[in-house]
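What follows is a short report on a single structure.
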Amino acid sequence: MNNTIQHFISQYGYWVVFFASMIEGESVVIAASILASQGRMDIVKVVTLVFLGTLFADQGMFFVGRFWGSKLLHRYPTLAEKSARVFDFLKRYNTAFIMIFRFVYGIRILSPIVIGMSGVSIKRFVVLNFFAAILWTGLSCGAGYFLGDVVLGALHKSQNILYYGLGFVIIVFVIWFLRKVSEWYFREIDEYE
């Protein structure tokens, strides 16, 4: 890795990881975990920042929903349309939905706002959000760390650039596949009922 990239990572990498974990930033989280598997970042710092970023962001969005959610949906009609689906999921799958909304593409940021508007108690959300943040952090960072070790280990042995591309494609495919499966799952549930 050249000095410019290494310098950027050492100066700003952890900030990028923290802020990316607050939004739908799985690719940055996985990339940071891969770098940690190679000793270029500290996995303990990555996991800690990812956990805190996702925990605080979703808790903050819950309070946005609790106190300003109705005004927000009134001001932005496209959010109101999406929120109807989120309200429906929450009504049907309550605890399970709170635990897995981070894994559902396209509703991650809106979900805690809707949950805040729904009347779910603050105490209940804080507890469920804490455990859901542990789950998401563990799976996202673990996938990057262990997949990165396998993929990059093979790359170091072969020194073939084709494998770098293949590793990247696999990571992107896994993320895409998990998002499509979650979309399909909730769509099937909607059509079934």
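Where a number appears in this text, it was derived from the coordinates with a stated rule and is not lab data. Note that this is a predicted model, so its numbers are computed, not measured. Cβ sites come from the backbone with ideal geometry, for glycine too, and all protein chains shown count toward neighbours.
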Checklist outcome for this item: Taking 87-96, 73-82 and ranking on average Cβ neighbours within 10 Å, highest first, one gets 87-96, 73-82
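Could you estimate the translational diffusion coefficient of segment 1-140 from the Stokes-Einstein equation, with Rh from the Kirkwood formula over C-alpha pairs, at 4 °C and 1.567 mPa s, in whole µm²/s? Walk me through the intermediate numbers first.
Numbers: Rh = 15.8 Å.
Translational D for this selection: 82 µm²/s.
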Checklist entry - Could you give the length gained on full extension between residue 63 and residue 122, defined as 0.36 nm per residue of separation minus the Cα-Cα distance, in nm? => result 20.4 nm
Checklist entry - What length, rounded to one decimal in nm, is gained on full extension from residue 78 through to residue 184, with 0.36 nm per residue of separation minus their alpha-carbon distance? => result 36.0 nm
Next on the checklist: How much length would be gained if the chain were fully extended between residue 95 and residue 139, taking 0.36 nm per residue of separation minus their Cα-Cα distance, in nm to one decimal?
Outcome noted: 13.9 nm
Next on the checklist: I'd like the FRET efficiency for residue 56 and residue 169, computed as 1/(1 + (r/R0)^6) with the beta carbon distance as r and R0 of 25 Å, rounded to 0.05.
Outcome noted: 0.15
Checklist outcome for this item: Sequence order, segment 41-47: Karplus ³J(HN,Hα) from phi using 6.51 cos²θ - 1.76 cosθ + 1.60, θ = phi - 60°, Hz rounded, Gly and Pro as x, gives 9, 8, 5, 5, 5, 4, 4
Item to check | Candidate lysines for bridging to residue 91, where Cα separation is under 30 Å - those fewer than 8 sequence places away on the same chain excluded | outcome: 71, 82, 123, 180
